[in-house]
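Reviewing the structure listed below.
What follows is calculated from the coordinates using simple rules that are stated; it is not laboratory data. Since this is a predicted model, take the numbers as computed values, not measurements. Don't worry about glycine lacking a Cβ; one is built from the backbone with ideal geometry, like all the others, and counts go over all protein chains shown.
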Amino acid sequence: MLDVDLAELYGVTPGALTQAVRRNRERFPPDFLFQLTNQELANLKSQSVISSSGNRHGGRRHRNWAFTEHGVAMLSSVLRSRTAVKVNIDIMRAFARLRRAAIVSSQVMALVEDLSKRVQVHDAVIADIVESIRQLVESPAGGRSRPIGFTADLDGSD
């Protein structure tokens, strides 16, 4: 999640959130918090309304910080207000729901793949059965067919 979004959720300014993180930098290793690249920031600016850095009326002068799930959890120890604790609990629950949804999605995809393989095998077997029936129904080469079964010689000539 981006610093600006978290600041809004926690009811603080992005500057106050960034300052709290900088004062407690040892609590935020690279897998908890990272800064967006210039390209990511450019993409973000093109997708949403963000003041340009040249704006003299309060635009961002630094790249945004992005927090991982663990970074969001660590914010509750840095921002100690009741709002911060409540919001942190809600965010952690949302991350848990996302994780469960991802697990369920991967399980469903595995089942679909298994069914797909089974259908392919069944299709091949059905095609063989249809071919066998077709061959039984067609008349033999030359248009002549000989009777099927046992015939008795009733005149006794043999």
Cut-off 15 Å between beta-carbons: net charge of the residues surrounding Val78, Lys and Arg +1, Asp and Glu -1: +4
Around His62, which amide H atoms from residues at least 5 apart in sequence, or from another chain, sit under 5 Å from its own amide H, with H modelled in the peptide plane? none
Counting Lys and Arg as +1 and Asp and Glu as -1 over every other residue whose Cβ sits under 13 Å from the Cβ of Thr37, the net charge comes to +1
Hey, if you drop one equal point scatterer on each alpha-carbon of the stretch 56-134 and run the Debye formula without solvent, what base-10 log of I(q)/I(0) do you get at q = 0.16, 0.17, 0.22 Å⁻¹? -0.82, -0.86, -1.01
Quick check: residue separation of Leu98 and Arg22 times 0.36 nm, minus the Cα distance between them. What number comes out in nm? 24.5 nm
